[in-house]
Amino acid sequence: MAPVEQDALALQEQLFHARVRECIICALLFASLYILCHFIITHFKKHTDFVAGRAAPPWDCFCSIWSRGRFGSRQKMMLQAALHPSALCLCSSPSAAHDDEDAAVNRIALGLCTFTLAVALGAVLLLPFSIISNEVLLSFPQNYYIQWLNGSLIHGLWNLIFLFSNLSLVFLMPFAYFFTESEGFAGSKKGIMARVYETSVVLLLLTLLVLGMVWVASAIVSNNAASRQSLYDLWEYYLPYLYSCISLFGVLLLLLFTPFGLSTMFTVTGKLLVKPRLLEDLDEQLSCTRLEEAAVSRRIADKASCWLHLSVEPLREQFFTIRSKRRKLELRHRASAWQRNLGYPLAMLGLLALTGISLLIVCFHVLELLLDDAAMPRGIQDASLGQVSFSFFGSFGAALQVILIFYLMVSSVVGFYSSPLFTQLLPERQDTPLTKIIGNCVSLLVLSSALPVFSRTLGITRFDLLGDFGRFNWLGNFYIIFLYNMGFAVLTTLCLVKRVSWAVQAELIRAFGLHKLPLPVTRSRALGKPS
């Protein structure tokens, strides 16, 4: 074999091994995310008992005991003679088959939800993983053990996240919802396949409706023959355009919920941590709460022992409220001085610093947009990692960018679940139905898939968008990007000033005990009229 052919064969082997290595790494990463998301969903999923809603017939109990072998042969013959012959086949009754069918449908839908949540978590980790990989390659350029961390792998991860996001939003999540709500066509044989057929037909009709709406919107926006001709290309134009609209919707949601979440983070942190004692006697409050709890408990016991049927439900609610207050006071009383006087102020200062740094970066990016066209977000097709740092401050700046990206994502999720429109969507531990899980997965996927575009648009990072994430048409519009940055800065400032000023006022009133003072009641209030 000639040397040229040997070199070509060696190059092909290297490319093959690199491709196999990338596939293995992507599979391991996604498998880890899938397992983690499975534990998260099972933590919130409601345990469904399909037979709990109705009284099970006694024949089912007999059949289950029969199958477990708890009867002898003589007892089985007596039981068989006593039961009606038609009752012996109730173990395979239609109700049991229907319950098994519902359980199988739930398992399939939960698998699709777990896949979607894993894709959402991968979209959140996409930009931080890329930034960290670039800094690692800059720090160790010749290290043999990190040669697998290259631009091809990062570019492949971006493409996979984009593909799976499209697949989950357009097909998997609608299929999961319609699959759980389907019962099969009227007159058809019941079973899993009947539900699959009905779901497929409904999903096909919905897909045609959405594609038709996108076609009409595209034809109205760009009314020319070339654009209308390009609409016939489903893969190259339809899906990227549809996902561009979804991404724009997600970015607008982040614009609304992130400033609200940044201000709400102070309240949430205050509820999770133990606040310092400022001019308050915690021992006195705890003793008063215990006495009040004991008094309400005695009143409940007296009413329960009375022969009259008196309602004790208001007293029970009052008792539970006092007990919850007592437990919170005991938690604060048991907290150490370091945790009480150092943890809460440091957490508040950290939140304030991260929020202030985010605002400063956005304001600086607004000035860059006015002076330099290179500050506009753009997409690249080749990830040149390990050549230059994406921060002016090197590794420290890259680490700060990663922290800010995670902080903005957490703030957007907090703002999303704290908004009045989506408060009911908040999952509860072991008590979240399947439809609510599907809604949460869709919402989190929309927010997380827009996070890379959101971070690059605000200038939080200078890492350019890879793959199809940078093909959105609205990213090249200067007015949209400029107004978006200005809107984020203004909304964040207003939310912070409003929330922080109210929080400081409430803490000062509580610290000085002014909340215990009786409020003056005017004559108009006493008469029930607004003052």
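The values are calculated or read from the model by the stated rules, or taken from the named source; none is laboratory data. None of the values given here were measured: they were computed from a predicted structure. Neighbour counts are summed over all protein chains in view; Cβ atoms, including those assigned to glycine, are modelled from backbone coordinates with ideal geometry. These accessible areas exclude ligands, DNA and RNA; they are computed on the full protein's heavy atoms, side chains included. Shrake-Rupley method; radii C 1.70, N 1.55, O 1.52, S 1.80 Å.
Please go through segment 182-204 and give me each residue that is touching an Asp or Glu at 6+ places or on another chain (Cβ under 7 Å) and open to solvent by 90 Å² or more (accessible area, probe 1.4 Å), ordered by number.
If the condition is that a residue be touching an Asp or Glu at 6+ places or on another chain (Cβ under 7 Å) and open to solvent by 90 Å² or more (accessible area, probe 1.4 Å), then Phe185 is the only one that fits.
Any chance you could count how many residues in segment 448-491 are of a type in the set (Val, Ile, Thr) and touching a Leu at 6+ places or on another chain (Cβ under 6 Å)?
Adding up the residues that qualify gives 1.
Does segment 418-429 hold any residues that are aliphatic (A, V, I, L, M) and assigned to a loop (DSSP other than H, G, I, E, B), and which are they?
Leu421, Leu426
With respect to Ser222, is the statement that it is touching a helix residue (DSSP H, G or I) at 6+ places or on another chain (Cβ under 7 Å), polar (S, T, N, Q) and at pLDDT below 70 true?
no
Just checking, how many residues over segment 441-465 are open to solvent by 10 Å² or more (accessible area, probe 1.4 Å) and not aliphatic (A, V, I, L, M)?
Going through segment 441-465 one residue at a time, the tally reaches 5.
Restricting attention to segment 430-450, does a residue exist that is assigned to a helix (DSSP H, G or I) and farther than 29 Å from Asn106 by Cα?
So far as segment 430-450 goes, no, none of its residues is assigned to a helix (DSSP H, G or I) and farther than 29 Å from Asn106 by Cα.
Pairs, please: C-beta under 6 Å, at least 6 apart or cross-chain, first residue more than 13 Å from Ala103 (Cα to Cα) and of a type in the set (Gly, Ala, Ser) and in segment 180-192, second open to solvent by 50 Å² or more (accessible area, probe 1.4 Å) and assigned to a loop (DSSP other than H, G, I, E, B)?
Going by the 6 Å Cβ cut-off, the qualifying pairs are Gly184/Lys190.
Provide a single number: the residues in segment 357-409 that are more than 20 Å from Leu466 (Cβ to Cβ) and open to solvent by 60 Å² or more (accessible area, probe 1.4 Å).
13
Which of the residues belonging to segment 434-480 are within 28 Å of Ile41 (Cβ to Cβ) and polar (S, T, N, Q)?
Correct list: Thr435, Asn440, Ser443, Ser448, Ser449, Ser455.
Would you say Ser152 is under 21 Å from Phe469 (Cα atoms) and either of a type in the set (Ser, Thr, Tyr) or open to solvent by 80 Å² or more (accessible area, probe 1.4 Å) (or both)?
The answer is yes for Ser152.
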